[in-house]
Every structure is written in C-alpha cells, then in structure tokens.
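Working notes for the structure below.
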Amino acid sequence: MNQPVVAVIDYDIGNSKSMLNALVALGLSPILTRDPGGIAAADALILPGVGAFCQGMGNLEKYSLLDAIHRFIAQDKPFLGVCLGMQLLLEESEEFGVTVGMGVIKGKVKKLAVDPTAGEKLPHIGWNAVCEPDAARWTDSIFATIPDSSDVYFVHSFAAIPVDESDILSITRYGSSIFCSSLHKGNIWGCQFHPEKSGPIGLAILRKFVTLTGYEEGI
Amino acid sequence: MLKKRIVARIDVKNEFVIKGIQLEGLRKVGDPYLMACRYYYEGIDEIVFMDSVASLYGRNNLFNIIDAACRDVFVPITVGGGIRSLGDIELALKSGADKVAINTQAIKTPDFITVAAKTFGSQCIVASIEAKRSGNAWEAYMDCGRERSGMDAVVWAKQLETLGAGEILVTSVDMEGTRKGFDTNLVKQISDLVSVPVVASGGAGSSAHVTALFNAGGAEAVAIASLFHYNTCSVVALKRQLAELGMMVRL
C-alpha cells in the first residue's frame, strides 16, 4: 500500500521517540533524519522539540537544517512544529535574552503571563482545552476531526504571540491569560501542546495532519 | 481551564507490579505493561513507573517495560527509582519516558537536580519526596521509605524547586497504601511554599478523598495506585465521580 513518507527532524533536542511511536501507531513508517536529502524527499515533515529556544535554534544551525526546512516549506508540503518546534517558527523569543527564530510566522515568543497570587504556576503542565477562535476556523484543518474544547497535554512556560490573528488556529485559557495554542498558515502548522502525548485526540490530530499529504488510505 | 491530573502510579519490582502498605509488605498485583495499557484505554492522564527496589540494589530494569509501554500508551510517562546519573536519565528518556522522578540521589548529591535540569530541562525533572510524619513536621526519607535523611520534607521541597526541579511528587509514607485519604496538610504546606506543580501520592481510597485533597488546595495532580490496581474503581468511574463533585478533570 502506498503511504506518505513522514520525516521527523533529528536535532538532539528532546524526545523524538514519542512522536515516532505515535506515527507508527497510525500505521506509518516514519523516518528520523537530519539529512537534507531525506527531508526534501518526505511528504510531510515534523519538527519536534522540548527545551530552550536558543538551544533549539543553535542545533538547527549546527546540523545545517534551517535551509532544508525553509526549502521543504517552500515546496508547499505539510509541515508541523510541535512545542519548541512550533515556537521556532516565530521571528524571535525572549527566553534567556532575545534569540532570532526561523521567522516563517510573524510574531514573538514570550513567557506566559501568570498570576502567582492566584495559584497559577509555571511551567503550564497538564491537560487543557484547545478552543476554536472563530466559527469554521477548524474546517479542513488538522483539528477538523476533533470537538471544540478538546483537552490536550501541555508542558511549557513560553508561548507564541503571532502578529496576524489569522495565523491563530486555537486559543487556550490558563488562569487569567489566554494564549495561542496552535498555529496555521498555508502548509505550516504548529502545536504548542504535544499531540503525541494527548491520547486518542492527539492521534486524531496527527492522523489528519498526515492526510494533508493527499494520502488517505491506511492511516 | 487546566484540568486536575489523575496519574496512575505503578510500582514495579522485577517484572511485576507490586503494592504494599506504607511502602512495605509488597504484593504482586499484575503485569506493568498490561496495566499501563488498561489505564490508558480508561482515560488516565499520566503514568508513573517506580522501580521500587532499584535504589536498594543499585540496578534498574525498568527500561524494557517503558519501551514497550511507550509504543501503546500516548500520555506522559514518568520513570523513577534508581535514577542516579545523567546516563540513567538519558536511558529513561530514550526508552520513551517524558520525565524522571528522583529522590535518593537528590538527597545524596542535591547538585544532581541542577545538573539534570540544565541538561534535560526542568520540565522532565520531577523531584520525588517520601515524607514521614515526625511530631508536627515531616521528615524526608530515601530508598523507598527505608532510610532517614534528617531533613524536613517541606523545607527540602523548597530547596528542590530552587535546585531546578520542574515538579514535586510528594508521597506520604504514613498514608501510602492505606486507602484512608491523603495527608492534605503535608501537600498544602509544600504547595504553599513552591511555585512548581505538586503531585500528591499516598492514601487515595475514594473519589471523596481525591476531592478533599483538591479542595484543600495545593495539588495539581494526584497519583493513585491501590484504588486502580485492585479494580476498586476504574479510571473513568473515578473521573466521572470527580466531575459530578465539581472537579475539573479530563473526561
């Protein structure tokens, strides 16, 4: 059976095994790679990552991956950044001083605004709801098959603040603040949460993302 | 809104899930992989595997179990017991774990928490505290509640946060396995002092106990063993009862 080739970028930043396991559970045979040829040949590309922004950018540079990612995105094939992998899509982050990002989404990454006196803690760890920012925003998106306000798993202290509101795919409320929990612009998708750790809902999101390659069967 | 997390705690000895009372009198209760899968299908929010003898005998055989579980369980997984070096942490993460829980080694060399947090990120370093009541306070224990540390558990919790821990798992040795309710006082005192999430473990016997814990304030999550292991209550049944009692849980 013909299947899409899903590549997960290997840049030594956090745990890519969970993502590979989730894709295998969908019936796929994903590849973990930092080879520009492997990335270019993939039908869909995932940039995972847990950790500090500056280290993430540093490792993408160290392994000469930035050019390969930009070229993949320019090919208009589905691209998904997860957690730090989503934040790296923005122009810059304020984590440990200002670090420049990939800049494929306009905006910045800032620390979540929390109120410690109200018992709001950082990191924001746990299950929280992704909400559709306006009607029909999720139609044909990677969230097309999940209900509004589905709970997904987060672990982060920083969040993206896109300049263009139309890039915001979902919002999430934590205590007194509301932040952008996922992004969408053309073929670029980003999830601040971990779909690979978000149970059946997370797997449904990944499945929908992979079908954007045009392959529908066997996933 | 952020939900209260219901965590299944699976204590493992060799290839079996074991359970005792106050961390003693351990009995075999099942297969860790199968139990993890069952809890996942019932809607568990997170799973903690604890190698209960690793610290004592200087070995760790949990990684094969983790590797298998991570292929079928798509919620966060924490591994604890016998985590002594950066190499141990790397092995745990490479097996598919998302976090590691550290107790004994943190007491022996507190700097280990800092180095681990800097290397892997605070989000994957869970400081585990085994607290035993001692007069009006609690003392931190190590090696699964066997060895005293001489430290005040609440003060130690604050130190662990300062050292770089991203979460605190606090087990009441007194209540552990008794199913008589949590030591809500202990949890509250620690939580009031630290600004990282606190997971309460030890004593869950009913949804009322869990509700009492959350209502007392302080715990972001609860770790449950006996209640689930002996099928007294399924994950989904507990969550439904908690929702009916007004708790914010993921259904």
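As a test, work out the antiparallel percent of DSSP beta bridges whose residues both lie in region A:6-211, rounded to the nearest 5.
60
Other chains' Cβ within 10 Å of B:239-248 residues: what's the mean?
Going residue by residue through B:239-248 and averaging, the value is 0.
Extent of region A:154-219 along each principal axis, from alpha carbon coordinates, in Å, largest to smallest?
So the extents along the principal axes, rounded to whole Å, are 42, 27, 14.
On a 20 Å Cα-Cα criterion, which of the cross-link pairs A:Lys17/A:Lys110; A:Lys111/B:Lys118; A:Lys197/B:Lys188 come out too long?
Check vs 20 Å cut-off fails for A:Lys17/A:Lys110; A:Lys197/B:Lys188.
Based on Cα coordinates alone, diagonalise the gyration tensor for the protein assembly as shown, multiply each eigenvalue by 5, take square roots, and list the semi-axes in whole Å, largest first. Walk me through the intermediate numbers first.
Values: eigenvalues 265, 99, 98 Å².
With the √(5λ) rule applied to the protein assembly as shown, the semi-axes are 36, 22, 22 Å.
At a Förster radius of 56 Å, what calculated FRET efficiency corresponds to the Cβ-Cβ distance of A:Ala135 and B:Asn64, to the nearest 0.05?
Given R0 = 56 Å and the Cβ-Cβ separation, E is 0.70.
Calculate for the protein assembly as shown the 222 nm mean residue ellipticity that helices alone would give, adding -39,500 (n - 2.57) per DSSP H run of length 4 or more and normalising by residue count, nearest 500 deg cm²/dmol.
The per-residue figure over the protein assembly as shown is -8500 deg cm²/dmol.
Report, as an integer, the average count of C-beta atoms from other chains found within 10 Å of each Cβ along B:67-75. Intermediate values should be presented prior to the final figure.
Working: counts 2, 0, 1, 6, 7, 2, 5, 16, 8.
The mean count of partner-chain Cβ atoms within 10 Å per residue comes to 5.
To one decimal place, what orientation-averaged projected area in nm² is obtained for the convex hull of the Cα set of region B:86-170?
Working: hull surface 20.6 nm².
That works out to 5.1 nm², a quarter of the Cα hull's surface.
Roughly speaking, what is the stretch gain from A:Asp35 to A:Lys110, that is 0.36 nm per residue apart minus the C-alpha to C-alpha distance, in nm to one decimal?
Result for the pair: 23.9 nm of gain on full extension.
Could you calculate the FRET efficiency of A:Arg71 with B:Asn136 from 1/(1 + (r/R0)^6), where r is the beta carbon distance between them and R0 is 60 Å, rounded to 0.05? Please list the in-between numbers first.
Numbers: r = 65 Å, r/R0 = 1.08.
Calculated transfer efficiency: 0.40.
Which one of A:Ser166, A:Ser16, A:Ser93 has the biggest mean-square fluctuation once chain A is modelled by GNM with Cα springs under 10 Å?
Most flexible of the set in this elastic network: A:Ser166.
Taking a quarter of the surface of the convex hull around the Cα atoms of region B:1-114, what do you get in nm²?
Orientation-averaged projected area of the Cα hull: 7.9 nm².
In percent, what relative contact order does region B:5-244 have, based on Cα pairs under 8 Å that are 6 or more apart in sequence?
After rounding, I find 17 percent.
Using the scaling law 2.2 N^0.38 Å as the reference, what is the normalised Cα Rg of region A:6-211?
Details: Rg = 15.7 Å, N = 206, 2.2 N^0.38 = 16.7 Å.
That works out to 0.94 for region A:6-211.
Please work out the FRET efficiency for the pair A:Thr145 and B:Arg148, using the Cβ-Cβ distance as r and a Förster radius of 60 Å; give the result to the nearest 0.05.
Once rounded, the FRET efficiency stands at 0.65.
Nearest 20 debye, what's the magnitude of the dipole of chain B about its Cα centre given +1 on Lys and Arg Cβ and -1 on Asp and Glu Cβ?
Values: 27 positive and 27 negative charges, 74 e Å.
Using Cβ point charges on Lys, Arg, Asp and Glu, chain B gives about 360 debye.
For peptide A:121-131, how many partner chain Cβ atoms fall within 10 Å of a residue's Cβ, on average?
Across the residues of A:121-131, the mean count of other-chain Cβ atoms within 10 Å is 6.
Have a look at region B:102-251 and give its Rg and Dmax from the Cα atoms, expressed in angstrom.
When restricted to the Cα atoms of region B:102-251, Rg and Dmax are 15.3, 44 Å.
Could you please tell me the mean projected area of the C-alpha convex hull for chain B, averaged over all directions and given in square nanometres to one decimal?
Mean projected area of the Cα convex hull: 11.6 nm².
Every read-out reported here was derived from the displayed coordinates using simple, explicitly stated rules and does not represent laboratory data. Keep in mind that what you see is a predicted model, and the values were worked out from it rather than measured. Glycine gets a Cβ as well: all are built from the backbone with ideal geometry, and neighbour counts include every protein chain shown.
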